[in-house]
Each structure stands twice: as structure tokens, then as C-alpha cells.
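Visitor: Shown below is the structure under consideration.
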Amino acid sequence: MSFLIKIRVLVTTLMIALLVPQNMVRAQELEYALELGAMAGGSFYLGDANYSGWYKHLGGTIGATARWNINPRMALKFNASYAGISGDINDTDNKFPTIEKTKFSEPLFDVGCQYELHFWGYGTGTATYKGHKRWTPYIQLGLGGTYCNDTFTMNLPIGFGIKYKIKERLNVGFDWTMRFSLSDKLDGIEDPYAIKSGFLKNKDSYCLTTFYVTYDLCPKLRKCASNL
């Protein structure tokens, strides 16, 4: 084999080595490890001044959200939210003659982390052989912190949601969570029944109902052998 032919074989081999991985990357559907975005919606409180009126005294909420995508079926979501909660004892059947404060309206700050479990794999929909779809419902459970009415307490968020991928890196969604706080002081009305409180007994809770938009960052390659 002449020297020129050897050079041609070497160049061809190098071109194949460089081009084939690039073509494989284009053929695979990309995953993204991180989502960042914003959310907005409504909030309401359940407690002594509103013990059963869902979406009564509705307030607003805004915030930022980040999501770490473990895989197409699981994610960890982080949030920082500002909301307004309010209530009025006069709107309930309960009367507390020894309590002077009958109504309240307070700003609330919420931070937390929730584990999301998707009903099916979430992706662009191009990898149909894996069953990944552009939209999926999910359930969530986590741990958070609440600051309201000069009180800081932990909360247990439980909820559900649904998300949809508009484009490869753009997502929209609806998110509903009930935050069960470990305090009875969010409304400033503490223990009006003079009953000893338990872990979640006689505690205040609040709900965040939001719509969000997120953008995908930090791309990673999907492993073809994965069958999530």
C-alpha cells in the first residue's frame, strides 16, 4: 500500500470517528438536568378563622421554582414563594367570646422541597419507543418552611400537578399543594378551644395553587439502555 493510500485511509478513519458520535448525539433525545422558572396563582388558609371554606378569602401568590430532574419519571422541586392569607371568625359558625381578634390578613413566605413522581416518562415525545410523552400528571410530597405573623415553622406539602413540554426546553404546568404547618400561630389566634395540640392536630394549614413556566438547562445524554 502506497504512502498516499495510507494517508487517505487514516483521514477517512478519523472522519468516521468524528462524525459518527455527532450523528448519534443528534439521533438521541436530549434530557436536561435542571429547570428554572417562575410561578403565580392563588392561596388560601385553613384554621380557626376559616376551618372549612376552601378558596375562601383567596389571596395571591408569586414565586420562583427550580427542578432537578433525576430521570424522566422523578424530580426534586425547590420553591420560594410569597403569598397572602386571611380569614374572619365572623364568617364561621364558631364564636370565641374571649378572643378580641376576629379577622386577620398576613403576608406569608414559603420555601420548600418536594419529591415528584410522574405517572409516565416526561420528554419531548420523540423517543416513543420508551413511552415518554410531552405531558404527564404527577404527585408530590416534601418538606418546607413557613414564616408568617412573626412565626417560623416547618410545613409538610402534599399535592399533585400536571406539566406539558411546549418545546424541547420550555415547560408549563399547574401545581396544587396543601401545606400542613406545625404551628397554630399563623393567624395570630392560638388555641381558642383550650385543647392540647398534637403533631398536626389544631394546626394551621394553607394551600398554594399555581401555574408555572420553566426553562431547561444543563443538557445530558439519555442512555439508550435505560428503560424508565
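Where a number appears in this text, it was derived from the coordinates with a stated rule and is not lab data. The structure displayed is predicted, hence computed values, not measured ones. With ideal geometry, Cβ positions are generated from the backbone for all residues, glycine too; neighbour counts draw on all protein chains shown.
Visitor: On a full-extension model of 0.36 nm per residue, what is the gain between residue 134 and residue 55, subtracting their alpha-carbon distance, rounded to one decimal in nm?
Guide: Going from the current span to full extension adds 25.4 nm.
Visitor: Among 139-149, 176-186, how do they line up from the highest to the lowest mean number of other beta-carbon atoms within 10 Å?
Guide: Order by mean packing, descending: 176-186, 139-149.
Visitor: Put a dot 7 Å past each Cα toward the Cβ at residue 38 and residue 80; how far apart are the dots in nm?
Guide: In this crude spin-label approximation the distance works out to 1.5 nm.
Visitor: Quick one: length gained pulling residue 124 to residue 158 fully straight, 0.36 nm per residue minus the C-alpha distance?
Guide: So the chain would gain 9.5 nm between residue 124 and residue 158.
Visitor: Any idea how far apart residue 215 and residue 111 come out in nm if each label point goes 7 Å out from Cα toward Cβ?
Guide: 2.4 nm
Visitor: Ok, one more. Quick one: 158, 189, 166, fewest Cβ neighbours within 10 Å first, how do they rank?
Guide: 166, 158, 189
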